[in-house]
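This report refers to the structure that appears directly beneath it.
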Ligand SMILES: [Zn+2]
């Protein structure tokens, strides 16, 4: 069975190299809708695949990092990157361009890592991430699956290459959340949310 939770954020970017000049040459924003699709053949003690309340912890926190932030590609012009970081306190730098496709891969890898490290407390079993759907506009979306997220053909993404600004990390409940994920520390689900 697949369950799906919707998250929303407002984010700015430039998508270098794309066909549409307005997108490739201008900072602009979108109201993103992000669908996280979890899957299992089992149900937990509450007869659910995974309690939606639990998705409001680390998964929501990291996806919300993109809200009112600018997303930068580390391969962009250094002058542009430096000035964005100088004049915006909420920025995220990715090793890939912030297209909807790459957003789905990046968010897939983040949520996948969270699930890998989560110690389940309510008899959840074999909960895996089916895919991430990124709606950049009301009419178009990209859906990334495991093979896409880990595809070398689409550009290798290592979690340690994803950088959150200090302001974003400061706003998390646990400012060392990203470091913990990179270090592989367990995330213990609360027994009640
Ligand atoms: Zn755009």
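The values are calculated or read from the model by the stated rules, or taken from the named source; none is laboratory data. Computed from a predicted structure; not experimentally measured. Cβ atoms come from the backbone with ideal geometry, glycine included; neighbour counts cover every protein chain shown.
Looking at this structure, is residue 188 at negative phi, at pLDDT 95 or above and in contact with a strand residue (DSSP E or B) (Cβ under 8 Å, 6 or more places away or on another chain)?
When the stated conditions are applied, residue 188 does not pass them.
When you scan segment 39-46, do you find a residue that is within 16 Å of the ligand (Cβ to nearest atom), at negative phi and at pLDDT 95 or above, even just one?
no
Residues in segment 53-62: is at least one part of a loop (DSSP other than H, G, I, E, B) and either loosely packed, with under 13 Cβ neighbours inside 10 Å or away from the ligand (no atom under 16 Å from the Cβ) (or both)? So far as segment 53-62 goes, yes, one or more of its residues are part of a loop (DSSP other than H, G, I, E, B) and either loosely packed, with under 13 Cβ neighbours inside 10 Å or away from the ligand (no atom under 16 Å from the Cβ) (or both). Just one of 49, 15 is assigned to a loop (DSSP other than H, G, I, E, B), touching a residue at least 24 places away in the same chain (Cβ under 8 Å) and farther than 17 Å from residue 93 by Cα; which is it? The match here is 49. Filter segment 84-112 for residues that are in contact (Cβ under 8 Å) with a residue 12 or more places away in the chain and closer than 17 Å to residue 167 by Cα and give the result. Residues satisfying the conditions are 84, 85, 88, 89, 90, 91, 92, 93, 94.
Regarding segment 23-33, can at least one residue be identified that is within 16 Å of the ligand (Cβ to nearest atom), part of a helix (DSSP H, G or I) and within 19 Å of residue 141 (Cα to Cα)?
Residues of segment 23-33 that are within 16 Å of the ligand (Cβ to nearest atom), as a first pass: 23-33.
Remaining after also requiring part of a helix (DSSP H, G or I): 23-24.
Retained after the next criterion (residues that are within 19 Å of residue 141 (Cα to Cα)): 23-24.
Yes, segment 23-33 contains at least one residue that is within 16 Å of the ligand (Cβ to nearest atom), part of a helix (DSSP H, G or I) and within 19 Å of residue 141 (Cα to Cα).
Of the residues making up segment 93-109, those that are within 15 Å of the ligand (Cβ to nearest atom) and not in a helix (DSSP H, G or I) are 94, 96, 97, 98, 99.
Can residue 80 be described as surrounded by fewer than 16 Cβ atoms within 10 Å (Cβ to Cβ) and within 16 Å of the ligand (Cβ to nearest atom)? For residue 80, the condition - surrounded by fewer than 16 Cβ atoms within 10 Å (Cβ to Cβ) and within 16 Å of the ligand (Cβ to nearest atom) - is met.
One line per residue, one yes/no per condition, for (1) more than 21 Å from residue 69 (Cβ to Cβ); (2) surrounded by 17 or more Cβ atoms within 10 Å (Cβ to Cβ); (3) in contact (Cβ under 8 Å) with a residue 40 or more places away in the chain; (4) out of contact with any strand residue (DSSP E or B) (no Cβ under 7 Å at 6 or more places or on another chain):
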{"position": "114", "(1), (2), (3), (4)": "no, yes, yes, no"}
{"position": "129", "(1), (2), (3), (4)": "yes, yes, yes, no"}
{"position": "133", "(1), (2), (3), (4)": "no, yes, yes, no"}
{"position": "154", "(1), (2), (3), (4)": "yes, no, yes, yes"}
{"position": "161", "(1), (2), (3), (4)": "no, no, yes, yes"}
{"position": "165", "(1), (2), (3), (4)": "no, yes, yes, no"}
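When segment 125-162 is filtered for residues that are part of a loop (DSSP other than H, G, I, E, B) and within 23 Å of residue 51 (Cα to Cα), the ones remaining, listed by number, are 125, 126, 127, 145. Residues that are assigned to a loop (DSSP other than H, G, I, E, B) and either within 16 Å of the ligand (Cβ to nearest atom) or surrounded by 18 or more Cβ atoms within 10 Å (Cβ to Cβ) (or both) do not occur anywhere in segment 4-12.
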